[in-house]
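Colleague: Pasting in a structure now, in structure tokens, and then I'll have a few things to ask.
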Amino acid sequence: MEQHNKKKEQLEQHTVEDRDKALTTNQGLKMSEDEFSLKVGDRGPTIMEDFHFREKMTHFDHERIPERVVHARGTAAHGYFECYEDASDITMADFLSEKGKQTPVFVRFSTVAGSRGSADSVRDARGFATKFYTDEGNYDLVGNNIPVFFIQDAIKFPDFVHAVKPEPHNEIPQAQSAHDTFWDFVANNQESAHMVMWHMSDRSIPRSYRMMEGFGVNTYRFVNKEGVAHFVKLHWKPVLGVHSLVWDEAQKVAGKDPDFHRRDLYDAIELGNYPQYELAVQVIPEEQEFSFDFDILDPTKIWPEEQVPLRKLGMMTLNRNVDNFFAETEQVAFHVGHVVPGIDFSNDPLLQGRLFSYTDTQLIRLGGPNFHELPINKPVCPFHNNQRDGYNRQTINRGQVSYHQNSLQNNTPNPVPREQGGYEHYQEKVDGRKIRARSEGFKDHFSQARLFWNSMTPVEKEHIVKAFCFEVGKVQSMDVRKQVVEMFAHVSHELAATLAKKVGVTTTIDTIPEETNTKQSPAVSMYTNPVRFVETKKVAVIANEQYDVTPAIKALEAAGIVVEVVSDHQGQLNDVTSDHTFETASPVLYDGLVVAATFEDAQTQRKVETFIDEVYNHYKAIGYTHEDFVLAAYSEAPGVVSGVESFIEALATDRHFDRDYAIG
Ligand code: HDE
């Protein structure tokens, strides 16, 4: 906690607003005027002498820095990680060494493909990057919400990213994979099959950053004090469980509130509804490296949790919003190479390439090699070395010595032996020829794509098929469509046949060998064991002056639900305040709806009915306070209930997918 406060103080020095303070130039000169540039007479030309205008305008002209090449759109929060137990049997990392030990963290969530101004709710993987400010230095766990990746070797990353980004000739479409170049890449790089299955699933349209899993994806090593190493994969498990939007809703949310996820996280933290995630690790002893029917270094493979169980290491709580988006969220610099003793690397070729890319990208994005001095990136422990100068250097190094070894400064700063906390790379024995090749163990592209498909509930399968039909249906090239159908026939003939029909492709699927494995991993399904909860869910209550909705609102709030009242006007309605009109609110922005009014005005009542329709179509809970408030067609439908108590019960189930006529 002490460290947590230290970090906070460090940041606050830079973030306290300078209220009650004189306006000065950047040189500290107090200015008597800031609204008018210096002119010859009040209607005359502006003059060059106006150093204040030029300083202000020059600073403004240089306000933008390059956005991240990928993961440009993101949002972040501060918090802390608390260790559950001493994990020194597997790692010497100090932040995992003691029950109750707290370490400050900063987490940035992101989409991958879209630019900084794109919408939050698009179909995409989500970044989940965590910086632990440990007392042994910063440790970054730079993960995604999907446990596998599209490619097996980092050298293909530029190709993949070029394919998914807007097409270069017209810069269309923004933040979407539903276009020719993405699917052309997929069909011609079949290692992507497993990730594409996840990408077409509801995992790619999360309800909230608070309801997403996180995965380190790559295989790392944990090393203990005795020097014994284990292969590991790291996971974040959200306490609220994993929940998603439905596709029709996700697309509408993108227009109604492009900041949907950013706002959700910010508001939840402001309300004290702190998101929490458990950190867990899968561990494989070195001697079992080849004991599995997949290659444990292949980033397109999961280690099924049923085969390699999770060991829980601790809990992360996000409890503080940033003070300044640019200084913190935009300038934070993650790097998979930011590790602490006890955490090491495997030869996963994606990870090895990432080890180069992250520092390289910060150099261009943050303008030089001193980005570690920015408050958000600065370790909480002291750091000393002989690095000097460069763009934006903040530290004023004293003394004449900036080299090693030296006698003038008692040979300091000096390296620290492993036994005293110095980082020493794991001494893996490596022997081989220098070649450019794919390992034999990496050549199976379909068995885990099939495992994923086998593990889905019928609703999840239906959503995957629909997502494929949408995405491939947007592809212009009939040849690419056909290639995609034929590729996914290897995963499932059922999936490929529906897709072929829907997107107008004729091909003989039966001649393509379908994966035959019948294995399942229930842990990858979102709907096999969903977490039921209502706390922090957002509910609209449609109300007017006719009926008093105070008791209903009190009951909802007592259950931890966030309530917004929607009416034909804002402001006072009897004892409650209307937050929204039907124009400023949208049904897609709520987890459920309570109808507590009808309106005499026909047009307004039509808006209420449209509101109910949309909530119904997206399978969300609907409650009504009077029998005649519900639309007759829906009165018997699952999740459409009378009374607030029943509504709260219905809201705990995320979506009522067994509804007739719902078209979401
Ligand atoms: Fe990244 N990735 N990546 N990545 N990545 C970046 O670094 C890269 C990969 C991930 O919120 C960049 O600072 C390569 C997998 C996240 O600031 C860049 C490869 C996973 C973030 C980069 C990968 C990730 C990034 C761009 C090998 C999941 C956002 C801006 C194929 C485990 C971090 C930046 C933030 C960002 C390179 C693949 C996660 C260009 C070469 C797999 C969460 O350095």
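The values are calculated or read from the model by the stated rules, or taken from the named source; none is laboratory data. From a predicted model like this one, the values you see are computed outputs, not experimental measurements. Cβ placement follows ideal geometry from the backbone for every residue including glycine, while neighbour counts extend to all protein chains displayed. Surface areas here come from the heavy atoms of the whole protein model, side chains and all, with no ligands, DNA or RNA. Shrake-Rupley method; radii C 1.70, N 1.55, O 1.52, S 1.80 Å.
Colleague: Are there any GluC sites (Glu not before Pro) in the range 117-196 that are in a DSSP loop and have at most 10 other Cβ atoms within 10 Å? List them by number.
Modeller: 171
Colleague: Could you work out what % of the accessible surface of the chain is carbon and sulfur, using a 1.4 angstrom probe and leaving DNA, RNA and ligands out of the count?
Modeller: 50 percent
Colleague: Rolling a 1.4 Å sphere over the protein heavy atoms, what is the accessible area per residue of the range 446-524, to the nearest Å²?
Modeller: So the range 446-524 comes to 45 Å² accessible per residue, rounded to a whole number.
Colleague: Quote the FRET efficiency, to the nearest 0.05, computed for residue 438 versus residue 501 with a Förster distance R0 of 25 Å and r equal to the Cβ-Cβ distance.
Modeller: Calculated value: 0.15.
Colleague: Sticking with this one: If you filter the range 277-367 for trypsin sites (Lys or Arg not before Pro), then keep DSSP loop positions with at most 12 other Cβ within 10 Å, what is left?
Modeller: Taking the range 277-367 and a limit of 12 other Cβ atoms within 10 Å, no loop trypsin sites (Lys or Arg not before Pro) are found.
Colleague: Same structure again: Return the long-range amide H neighbours of residue 217 (sequence gap of 5 or more, or a different chain), with a cut-off of under 5 Å between placed amide H atoms.
Modeller: 144, 234
Colleague: Three principal axis extents, largest first, for the C-alpha atoms of the range 538-652, in Å?
Modeller: 32, 32, 25
Colleague: For residue 661 and residue 408, calculate 0.36 nm times their separation in residues minus their Cα-Cα distance, and state this gained length in nm to one decimal.
Modeller: 82.9 nm
Colleague: Using the Karplus curve 6.51 cos²θ - 1.76 cosθ + 1.60 with θ = phi - 60°, what ³J(HN,Hα) values do you get for each residue of the range 413-420, in whole Hz, with x for Gly and Pro?
Modeller: Each residue of the range 413-420 in turn: x, 10, x, 10, x, 3, 4, 9 Hz.
Colleague: Using alpha carbons only, how many angstrom separate the centre of the range 471-531 from the centre of the range 77-134?
Modeller: Using only Cα atoms to place each centre, the spacing works out to 34 Å.
Colleague: Still on this model: In nm, to one decimal, how far is the residue 27 label point from the residue 575 one, both placed 7 Å along Cα→Cβ?
Modeller: Going from the residue 27 label point to the residue 575 one covers 6.4 nm.
Colleague: Further, regarding this structure: How far apart, in nanometres, would the label points at residue 478 and residue 636 be if each is projected 7 angstrom from Cα along the Cα-to-Cβ direction?
Modeller: 4.6 nm
Colleague: Counting only the backbone N, which residues of the range 645-664 are under 11 Å from the spot 7 Å out from the Cα of residue 558 toward its beta-carbon?
Modeller: Only 645 pass the distance filter.
Colleague: Once the piece of chain linking residue 398 and residue 47 is laid out straight, how much longer is it, given 0.36 nm per residue of separation minus the C-alpha distance between them?
Modeller: 122.1 nm
Colleague: Whose amide H sits under 5 Å from the amide H of residue 313, counting only residues 5 or more places off or on another chain, with H placed in the peptide plane?
Modeller: 279, 280, 281
Colleague: What share of Cα pairs, in percent, lie more than 14 angstrom apart in the range 446-524?
Modeller: Beyond 14 Å sits 59 percent of the P(r) for the range 446-524.
Colleague: Excluding same-chain residues fewer than 8 positions from residue 165, which lysines have a Cα within less than 20 Å of its Cα?
Modeller: 156, 474
Colleague: Of 513, 577, 590, which is farthest towards the positive pole of the range 465-608's charge dipole, taken about the Cα centre with +1 and -1 on the beta-carbons of Lys, Arg and Asp, Glu respectively?
Modeller: 513
Colleague: Given points 7 Å out from each Cα along the Cα-Cβ axis, report the residue 535 to residue 180 separation in nanometres with one decimal.
Modeller: Using points 7 Å along Cα→Cβ, the separation is 5.2 nm.
Colleague: Grab the beta carbon distance between residue 548 and residue 459, set R0 = 30 Å, and tell me the FRET efficiency rounded to 0.05.
Modeller: Working from the Cβ atoms, E equals 0.20.
Colleague: Okay, next question. Out of every Cα pair in the range 237-317, what percent are spaced more than 18 Å from each other?
Modeller: That fraction is 63 percent.
Colleague: What does the accessible area per residue of the range 44-163 come to in Å², with a 1.4 Å probe and no ligands, DNA or RNA counted?
Modeller: Accessible area per residue, the range 44-163: 38 Å².
Colleague: Could you give the accessible area per residue of the range 538-652, probe 1.4 Å, as a whole number in Å²?
Modeller: Accessible area per residue, the range 538-652: 41 Å².
Colleague: Let me know the Kirkwood hydrodynamic radius for the chain, please, with Cα pairs as the basis and the value in Å to one decimal.
Modeller: That comes to 27.7 Å for the chain.
Colleague: Just going by the charge dipole of the range 446-524, with Lys and Arg at +1 and Asp and Glu at -1 on Cβ, which of 451, 490, 467 is farthest out on the positive end?
Modeller: It is 467, whose Cα lies furthest towards the positive end.
Colleague: Would you tell me the accessible area of residue 51, worked out with a 1.4 angstrom probe on the heavy atoms of the protein chains, in Å² to the nearest 10?
Modeller: 110 Å²
Colleague: Net charge near residue 335, counting Lys/Arg +1 and Asp/Glu -1 over other residues with Cβ under 9 Å of its Cβ?
Modeller: Value of the local net charge: 0.
Colleague: By how many nm would the segment from residue 600 to residue 319 grow when fully extended, if each residue of separation counts as 0.36 nm and the alpha-carbon distance is taken off?
Modeller: Gain in length upon complete extension: 96.7 nm.
Colleague: Kindly write out, for the range 549-561 in residue order, the coupling ³J(HN,Hα) from the Karplus curve 6.51 cos²θ - 1.76 cosθ + 1.60 (θ = phi - 60°), rounded to whole Hz, with x marking Gly and Pro.
Modeller: 9, 3, x, 4, 5, 4, 5, 5, 5, 5, 8, x, 8
Colleague: Let me ask you something else. Treating each Cα of the range 93-244 as an identical point scatterer and ignoring solvent, apply the Debye formula and state log10 I(q)/I(0) at q = 0.08, 0.15, 0.20, 0.21 Å⁻¹.
Modeller: Cα-only, vacuum Debye calculation for the range 93-244: -0.28, -0.88, -1.33, -1.41.
Colleague: Oh, and also: Assign unit charges at the C-beta atoms only (+1 for Lys and Arg, -1 for Asp and Glu), then state the dipole size of the chain relative to its Cα centre in Debye, rounded to the nearest 20.
Modeller: My answer is approximately 1760 debye.
Colleague: What whole-number distance in Å separates the alpha-carbon centres of the range 590-640 and the range 381-418?
Modeller: 68 Å
Colleague: Tally the DSSP beta bridges in the range 538-652 and give the antiparallel ones as a percent, rounded to 5.
Modeller: 15 percent
Colleague: Here's a follow-up. Which is farthest toward the positive dipole end of the chain among 244, 109, 318, measuring Cα position about the Cα centre, with Cβ charges +1 (Lys, Arg) and -1 (Asp, Glu)?
Modeller: Among 244, 109, 318, the one farthest towards the positive end of the dipole of the chain is 109.
Colleague: Sort 485-498, 267-280 by the packing proxy (mean of other Cβ within 10 Å over each peptide's residues), most packed first.
Modeller: Ranked by mean Cβ neighbours within 10 Å, highest first: 485-498, 267-280.
Colleague: Based on DSSP, what percent of beta bridges with both residues in the chain are antiparallel, to the nearest 5?
Modeller: Counting DSSP beta bridges with both partners in the chain, the antiparallel share is about 75 percent.
Colleague: As a test of the formula, what do you get for the chain when each DSSP H run with n ≥ 4 contributes -39,500 (n - 2.57) and the sum is divided by the residue count, at 222 nm and rounded to the nearest 500 deg cm²/dmol?
Modeller: That comes out to -7500 deg cm²/dmol.
Colleague: Can you list which of the chymotrypsin sites (Phe, Trp or Tyr not before Pro) found in the range 136-237 are DSSP loop residues with at most 16 other C-beta atoms within 10 Å?
Modeller: none
Colleague: Starting at the first residue of the range 50-65, write each ³J(HN,Hα) from the Karplus equation 6.51 cos²θ - 1.76 cosθ + 1.60 with θ = phi - 60°, in whole Hz, x for Gly and Pro.
Modeller: Here the 3J(HN,Hα) series is 5, 4, 5, 4, 5, 5, 5, 6, 5, 4, 4, 4, 10, 5, 8, 10 Hz.
Colleague: Nothing charged except the Cβ atoms of Lys and Arg (+1) and of Asp and Glu (-1): what's the magnitude of the dipole of the range 345-409 about its Cα centre? Round to the nearest 20 debye.
Modeller: With only Lys, Arg, Asp and Glu charged at Cβ, the dipole is about 180 debye.
Colleague: Does anything in the range 367-393 have its amide N under 16 Å from the 7 Å Cα→Cβ label point of residue 58, and if so which residues?
Modeller: Only 392 pass the distance filter.
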